[in-house]
1. Does residue 37 count as under 15 Å from residue 278 (Cα atoms), in contact with a strand residue (DSSP E or B) (Cβ under 7 Å, 6 or more places away or on another chain), without any contact (Cβ under 8 Å) to a residue 60 or more places away in the chain and surrounded by fewer than 20 Cβ atoms within 10 Å (Cβ to Cβ)?
2. Go through segment 49-68 and give me each residue that's under 18 Å from residue 15 (Cβ atoms), touching a helix residue (DSSP H, G or I) at 6+ places or on another chain (Cβ under 8 Å) and touching a residue at least 40 places away in the same chain (Cβ under 8 Å).
3. Of all residues in segment 69-101 being out of contact with any helix residue (DSSP H, G or I) (no Cβ under 9 Å at 6 or more places or on another chain) and within 18 Å of residue 154 (Cα to Cα), which is surrounded by the most Cβ atoms within 10 Å (Cβ to Cβ)?
4. Quick check: anything in segment 207-219 surrounded by 14 or more Cβ atoms within 10 Å (Cβ to Cβ), in contact with a helix residue (DSSP H, G or I) (Cβ under 7 Å, 6 or more places away or on another chain), at pLDDT 55 or above and at positive phi?
5. Please indicate, with yes or no, whether at least one residue in segment 294-306 is modelled with pLDDT under 95, in contact with a strand residue (DSSP E or B) (Cβ under 9 Å, 6 or more places away or on another chain), part of a helix (DSSP H, G or I) and more than 27 Å from residue 28 (Cα to Cα).
6. Report, by residue number, each residue of segment 112-152 that is surrounded by fewer than 16 Cβ atoms within 10 Å (Cβ to Cβ) and part of a helix (DSSP H, G or I).
7. Can you report the number of residues in segment 172-192 which are in a strand (DSSP E or B), modelled with pLDDT under 95 and within 21 Å of residue 204 (Cα to Cα)?
8. Under 6 Å by Cβ, and 6 or more places apart or on different chains, what pairs join a residue from segment 259-274 that is at positive phi and in contact (Cβ under 8 Å) with a residue 40 or more places away in the chain with one that is surrounded by 24 or more Cβ atoms within 10 Å (Cβ to Cβ) and not in a strand (DSSP E or B)?
């Protein structure tokens, strides 16, 4: 048997905490995942316009085998400052790769483009992302907000307000998988007026407004611009994986984005997923079979996290939240 964890968040995986911080004037934010110890991470990039940090170092052929934090940030290229602030703070705390007398934390990151969402971006020479990163670290907890929170504050999803979503699933044998996704896609999470992720919803998540997402032959890109969108996130499992196995999980988990957003992995998006292993549970054998189960479950968690991100997001500016959209749709507006 399997079901959501106690919180139905990525923090149902032991050893993980998540912190959010927002700037309500700039309509942007930062989300930081903080493990209680260095953990193995791999990544897979599928979008055509990614913005990332430390991705190459996570390849199975490279030396780095543990990271100290992962950052998801708004702000496009300016948001990469957030990862530097997290690295500096962790170094002060004595965490990171030993380099002589210094500690050099490994903090991979991915950014989404929320520069044109209507918020005040006239920040001069001091973008807010280093400040937001420090605030997100200070707020890190096993409980955290979804929707218009952290990196999800300024996010949009096709015609709707995007946001931050998370989901988990725990099995009786101890296997646990979770997802944390910031949805800022050029594609739409809607099909036939309902969420495309609806078929994957578990009880109490986002199916309350009814409907099973139906794919339409039409593709709506709205005001798509190169580099203007991205869906980024993190998959976590307590299974013991090496980097090649974790990268396979990240690859398979992208299927969850394809189930919940249409179109996905476009030239306009920078879709990036990290896969993290806490190493608390042996993978078991045969390894390929166990890895296939984890990847398949991760894809479902990603789809559910996308659905929760959009469902929990409140209307903001020109972008209606899904619940307001449904209320208007049902009222015939």
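The values are calculated or read from the model by the stated rules, or taken from the named source; none is laboratory data. Computed from a predicted structure; not experimentally measured. Because the Cβ atoms are built from the backbone with ideal geometry, glycine has one as well, and the counts that use them run over all protein chains shown.
1. Values: under 15 Å from residue 278 (Cα atoms): yes; in contact with a strand residue (DSSP E or B) (Cβ under 7 Å, 6 or more places away or on another chain): no; without any contact (Cβ under 8 Å) to a residue 60 or more places away in the chain: yes; surrounded by fewer than 20 Cβ atoms within 10 Å (Cβ to Cβ): yes.
For residue 37, the condition - under 15 Å from residue 278 (Cα atoms), in contact with a strand residue (DSSP E or B) (Cβ under 7 Å, 6 or more places away or on another chain), without any contact (Cβ under 8 Å) to a residue 60 or more places away in the chain and surrounded by fewer than 20 Cβ atoms within 10 Å (Cβ to Cβ) - is not met.
2. Of all residues in segment 49-68, those under 18 Å from residue 15 (Cβ atoms) come to 65-68.
The next check asks that each one be touching a helix residue (DSSP H, G or I) at 6+ places or on another chain (Cβ under 8 Å); those that pass are 65, 67-68.
If the condition is that a residue be under 18 Å from residue 15 (Cβ atoms), touching a helix residue (DSSP H, G or I) at 6+ places or on another chain (Cβ under 8 Å) and touching a residue at least 40 places away in the same chain (Cβ under 8 Å), then 65, 67 are the ones that fit.
3. 76
4. no
5. Within segment 294-306, the subset modelled with pLDDT under 95 is none.
So far as segment 294-306 goes, no, none of its residues is modelled with pLDDT under 95, in contact with a strand residue (DSSP E or B) (Cβ under 9 Å, 6 or more places away or on another chain), part of a helix (DSSP H, G or I) and more than 27 Å from residue 28 (Cα to Cα).
6. Residue satisfying the conditions is 138 alone.
7. Filtering segment 172-192 for residues in a strand (DSSP E or B) gives 176-184, 188, 190-191.
Now restrict to residues that are modelled with pLDDT under 95: 188, 190-191.
Okay, now just the ones that are also within 21 Å of residue 204 (Cα to Cα), so 190-191.
Number satisfying all stated conditions: 2.
8. Matching pairs, first to second residue: 265/47; 265/271.
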